Amino acid sequence: MSRASLRELTAPRRGAPVITSIGIASGIGQGREAFVQGWRTGAVGTAVDRVRLRDFYPKRRAMFRRMDRLSQLICLASALARDDQGLGDPAEVALAVGTDLGTLEGTWSFLSRLRDHGAARANPMDFPNLVPNAGAGYAGIFLGLQGPSHTFCQHETCGDEAIGWATDGIASGWFDAALAGGAEELGEVRAAATSAAACLPEELPPGEGAAMVLVESRERADARGATPLARILGSWAASTPDGRSPYVFDVGAGPVRDLIGRALSEAGLEPGDVGAVLASPGTEHGLDAPSADHAVRLGVHPADGAVRVALGALLVADRTLPVHTGGAPLQGDAVVVVSAARGGSIRVTILGKA
Amino acid sequence: MSGVVITGLGVVSSIGIGAPAFEQGLRSGACGAAPIRRFDASEYRSKAAFEIHDEVRPDPTRTAGIPQTARYGRTAAFALAALAEAVHGAGLHRDDLTGGVHALAFGGSTAGMPEAEGDLLGLGEGEDFWAVAEPERFLSTPVGTTADVLARAAGLRGPVSTISTACSSATNAVGQALHWLRAGRADRVLAGGSDAHCRLTHAGFCALSLVAPERPLPFDARRQGMVIGEGAAMFVLEREADARARGATVLGRILGFGNVAEAHHLVQPKDDGEGAARAMTMALRDAGVEPTRVGYVNAHGTATIQNDLSESRGIRTVLGAHADAVPVSSTKSQVGHLLGASGAVELAAVLLGLNGGFVPPCAGWEEADPEIDLDIVAGTARSAAVEVALSNSFAFGGNDSSLCVGHPEGAA
């Protein structure tokens with residue numbers, strides 16, 4: 001086993017990628033400024049008010065009617081990112097989306113129609129939306145993204161995983177830029193399932209939203225004149241197979257603590273370099289950093305890892321903690337984002353000053 | 001940098017459970033299509049599927065310590081059996097997977113849907129689903145749950161990833177494994193895919209009129225569409241230096257991976273095969289392999305009119321005149337379209353062919369389509385010493401992927 005050469009193998013061929021554009025659609029605001037304002041004031045909102053894609057893609061209106069809500073949220077956040085600091089040449093941009101449940105409402109509706117009206121009435125227009133990568137497909141078409149495209153579904157870590165995939169892809173030279181993030185829709189079916197299954201931490205309300213960020217090489221950002229908001233120093237993942245069931249949330253403190261420690265070590269950071277930790281519920285017991293803040297208040301679950309990474313980038317850029325966590329200046333250069341999932345997956349993303 | 005090799009594979013398919021039976025089926029040109037028995041298909045356009053009705057549990061002495069259970073549904077049961085065979089074949093045991101960084105990259109689309117949909121579709125008049133449904137049943141429906149089951153069964157503590165890009169899912173999972181190993185993200189990766197036949201997907205593809213009534217005939221002028229299958233394939237991937245150091249048998253090399261978005265249409269490929277060609281070209285460039293070294297293409301080959309035409313044009317674009325000398329087949333002619341798992345089972349077919357000196361056939365192919373200018377492997381397997389092969393998977397969302405696979409003893 002060649003563990004001794006791990007550091008050599010992981011040494012990035014290029015500098016740390018940067019986050020430039022951010023698009024967020026959430027219950028506390030759409031767009032970077034509205035979202036940050038909502039976050040700073042401690043607003044709570046679990047549903048996205050209006051999704052008006054025609055404002056962003058006026059030439060694609062004919063396609064909107066056939067789209068499911070999850071795809072709409074992904075396309076909305078992608079457009080907001082595009083309108084933030086642009087994407088550069090879209091044909092060379094990769095795309096990564098995390099979604100745990102896909103369009104649960106659409107799946108339920110399709111099956112209900114099958115039950116009530118028989119196979120002959122199954123709707124051919126609805127079926128393509130039921131694959132988890134439908135939203136990525138629509139966003140790719142709308143924005144002309146022709147690079148590699150992946151959709152990740154490992155529950156609550158999938159949004160962070162998408163951003164980690166983008167980071168690794170740029171570091172290895174596979175591509176130079178990727179629009180990456182996560183999305184989840186909220187509807188009656190998911191609300192009922194969450195309640196009936198009682199499978200999530202009590203403090204985690206079901207919510208919906210989407211966050212997409214443009215991750216690109218520093219060279220590409222500089223060349224197109226985009227201002228980097230933060231560097232992504234790395235993304236690490238682990239799992240714990242020791243929970244009670246593969247279907248429930250049961251991540252212990254030890255594996256979370258171990259992964260944070262490994263991530264800091266491999267990023268060349270000391271705990272004192274960390275100015276804030278944005279953690280998902282269930283991971284707080286593994287944290288040693290003093291300024292942990294729980295993104296649970298946003299109610300954007302389960303793809304909210306992507307939201308936390310976006311928040312981390314804004315924190316690093318703005319250097320000020322939000323009012324409800326004290327409003328103090330961010331101490332240290334790094335923000336650590338921690339997510340954990342049903343089934344035992346854990347992910348840590350570290351952001352640094354641009 | 002050390003290359004990435006496959007040292008274990010396991011297969012569950014309608015033409016054979018376990019790699020030896022699967023290989024025998026490939027060689028003989030077997031076709032696993034049969035009338036659907038899992039549910040009443042009398043209302044559907046296609047009443048056939050490639051279902052698995054035999055016992056999928058592997059020999060208890062050959063499970064490598066990985067527990068087998070049907071508790072988590074058919075998708076997971078297929079995957080567990082394939083995983084056990086792969087780990088055992090790699091000369092490993094579950095105990096070997098708990099140290100170092102052992103990761104899982106999984107591709108699929110159905111997870112627990114075959115079981116959960118029955119609760120909704122079988123609901124009686126006035127019954128409330130949430131009152132009668134077993135929570136464990138609907139908790140098993142998110143596609144990521146199959147990977148959770150596998151990771152627990154194998155005792156993994158490294159990264160666990162589920163990629164769900166419809167019909168390219170498992171191919172992308174193998175690509176993810178390749179990237180993890182190259183980057184040092186993992187010491188060993190268990191990768192592959194699994195899907196089970198369910199009414200949701202059957203009804204959907206029937207509604208889209210993309211299915212054939214009895215069996216698929218990829219690249220044949222008579223083709224009418226796909227027929228859905230079920231099954232799984234899992235692999236053990238590791239860096240070649242590590243595999244050689246422990247004396248493992250190398251089954252093949254993953255030389256390169258390509259994945260692109262067409263950005264064209266949600267379900268229809270570009271007529272000219274441009275996306276397919278870009279994916280194959282990316283895989284070859286990633287591998288550092290010239291197109292003239294390609295000796296076989298395992299096509300996506302769904303047997304729909306449009307896909308086969310588009311893919312054949314893409315192959316011709318990439319290989320040029322060399323395509324005249326390259327055998328092409330679609331394993332979907334034998335095992336059906338396994339959707340999210342299709343790329344995994346087709347990669348298994350490629351590896352078995354490379355090792356066994358044959359290329360799998362396009363079962364049932366008889367009548368050439370005048371618009372498809374390729375060397376289709378008809379009937380049964382053809383003897384061939386192939387050094388480099390391409391394995392293609394194309395999906396809804398315009399997601400096109402290709403793996404460049406090398407012979408175990410070939411040049412890296």
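As I understand it, the dipole of the protein assembly as shown uses +1 on the Cβ of Lys and Arg and -1 on the Cβ of Asp and Glu, about the Cα centre. Which of A:THR107, B:PHE394, A:GLN146 lies farthest toward its positive end? Result: A:GLN146, furthest along the dipole toward the positive end. Coupling constants for the stretch B:27-43 follow from the phi torsions by the Karplus curve (6.51 cos²θ - 1.76 cosθ + 1.60, θ = phi - 60°), and in residue order they are 4, 7, x, 4, 10, x, 6, 7, x, 5, 10, 6, 7, 6, 9, 4, 7 Hz; glycine and proline get x.
Couplings 3J(HN,Hα) of the stretch A:250-257, computed from phi: 8, 9, x, 5, x, x, 5, 4 Hz, in residue order, whole Hz [Karplus 6.51 cos²θ - 1.76 cosθ + 1.60, θ = phi - 60°; x for Gly and Pro]. In whole angstrom, the protein assembly as shown maps to an equivalent ellipsoid with semi-axes of 38, 28, 25, each derived as √(5λ) from the alpha carbon gyration tensor and ordered largest first.
Think of a 1.4 Å ball rolled over the protein heavy atoms: the stretch B:104-209 then has 21 Å² of accessible area per residue. The stretch B:201-318 gives an Rg/Rh value of 1.05, both radii derived from C-alpha positions and Rh following Kirkwood. Relative to the Cα centre, the charge distribution of the protein assembly as shown, modelled as +1 at Lys and Arg Cβ and -1 at Asp and Glu Cβ, gives a dipole magnitude of about 620 debye. Max-minus-min Cα coordinates of the stretch A:217-288 on each principal axis give 50, 29, 19 Å, with the largest extent listed first. What part of the accessible area of the stretch B:257-406, given as a whole %, is carbon or sulfur when the probe is 1.4 angstrom? C and S atoms contribute 50 percent here.
Any chance you could check the Cα centroid distance between the stretch A:53-124 and the stretch B:137-161 for me, in angstrom? Taking the Cα centre of the stretch B:137-161 as reference, the centre of the stretch A:53-124 is 26 Å away. Computed on the stretch B:4-245, the Cα convex hull volume stands at 137 Å³ per residue. Considering the dipole of chain B built from charges on the beta carbon (Lys and Arg +1, Asp and Glu -1) around the Cα centre, which of B:THR165, B:PRO58, B:PRO408 is farthest to its positive end? Most positive-ward Cα: B:PRO408. Between B:ARG188 and B:VAL101, B:ALA103, the built amide H atoms are under 5 Å apart, and every one of these is 5 or more places off in sequence or on another chain.
Note on the stretch A:138-227: the alpha carbon radius of gyration divided by the globular reference 2.2 N^0.38 Å gives 1.36. Over chain B, the fraction of Cα-Cα pairs per 10 Å bin, rounded to whole percents and listed from the shortest bin up, is 5, 25, 35, 24, 8, 1, 0.
Evaluated with a Cβ-only charge set (Lys, Arg +1; Asp, Glu -1), the stretch B:100-237 carries a dipole of roughly 920 debye about its Cα centre, given to the nearest 20. The separation of the stretch A:19-48 from the stretch B:292-356, counted between C-alpha centres, amounts to 46 Å.
Looking at the protein assembly as shown alone, DSSP beta bridges between its own residues are antiparallel in about 65 percent of cases. Taking a sphere under 11 Å around the Cβ of B:VAL143 and counting the other residues whose Cβ falls inside, with K and R at +1 and D and E at -1, yields a net charge of -3. Dimensions of the stretch B:66-193 from C-alpha coordinates, computed as largest minus smallest value along each principal axis and given longest first, are 55, 28, 21 Å. For B:GLY3, the residues 5 or more places off, or on other chains, whose built amide H falls under 5 Å of its own are B:GLU240, B:ALA241.
The Rg/Rh ratio for the stretch A:205-253, using Cα coordinates for both the radius of gyration and the Kirkwood hydrodynamic radius, is 1.19.
The mean number of partner chain beta-carbon atoms within 10 angstrom of a residue's beta-carbon across peptide A:152-161 is 6. First obtain the Kirkwood hydrodynamic radius of the stretch B:292-366 from its Cα pairs, then insert it into the Stokes-Einstein equation at 37 °C and 0.692 mPa s, and state the resulting D in µm² per second as a whole number. Estimated diffusion coefficient is 255 µm²/s. The listed residues B:ILE254, B:ILE17 rank as B:ILE17, B:ILE254 when sorted by accessible area, largest first, using a 1.4 Å probe. Peptide B:175-184 is shielded by partner chain Cβ atoms: per residue, an average of 4 of them sit within 10 Å of its Cβ. Each part gets one Cα centre, and for the stretch A:245-280 versus the stretch B:173-203 those centres are 25 Å apart. Compactness ratio for the stretch B:82-147: Cα radius of gyration over 2.2 N^0.38 Å (N = residue count) comes to 1.62. Spread over its residues, the convex hull of the C-alpha atoms of the stretch B:140-255 is 143 Å³ per residue. Take the Cα radius of gyration of the stretch A:7-223 and divide it by 2.2 N^0.38 Å, N being the number of residues; the result is 1.06. Over every Cα atom in the stretch B:257-406, the radius of gyration and the widest Cα-Cα span, Dmax, amount to 13.7, 39 Å. Listed values for the stretch A:75-87 are Karplus-derived 3J(HN,Hα) couplings in whole Hz (6.51 cos²θ - 1.76 cosθ + 1.60, θ = phi - 60°), namely 5, 5, 4, 5, 5, 5, 5, 4, 7, 7, 10, x, 10, and x replaces Gly and Pro. For the stretch B:284-378, the residue among B:VAL350, B:ALA368, B:THR331 whose Cα projects farthest onto the positive side of the dipole built from Cβ charges is B:VAL350. For the stretch A:38-131, a/c is not less than 1.5, where a ≥ b ≥ c are the root eigenvalues of the C-alpha gyration tensor, and a/b tops b/c. That puts it in the prolate class.
Taking all protein chains together and a 1.4 Å probe, the residues B:HIS179, A:HIS117, B:HIS53 rank A:HIS117, B:HIS53, B:HIS179 from largest to smallest accessible area.
The values are calculated or read from the model by the stated rules, or taken from the named source; none is laboratory data. Computed from a predicted structure; not experimentally measured. As a convention, Cβ positions derive from the backbone with ideal geometry for all residues, glycine included, and neighbour counts pool all protein chains shown. Note: accessible area is taken over every heavy atom of the protein model, side chains too, but ligands, DNA and RNA are not part of it. Shrake-Rupley method; radii C 1.70, N 1.55, O 1.52, S 1.80 Å.
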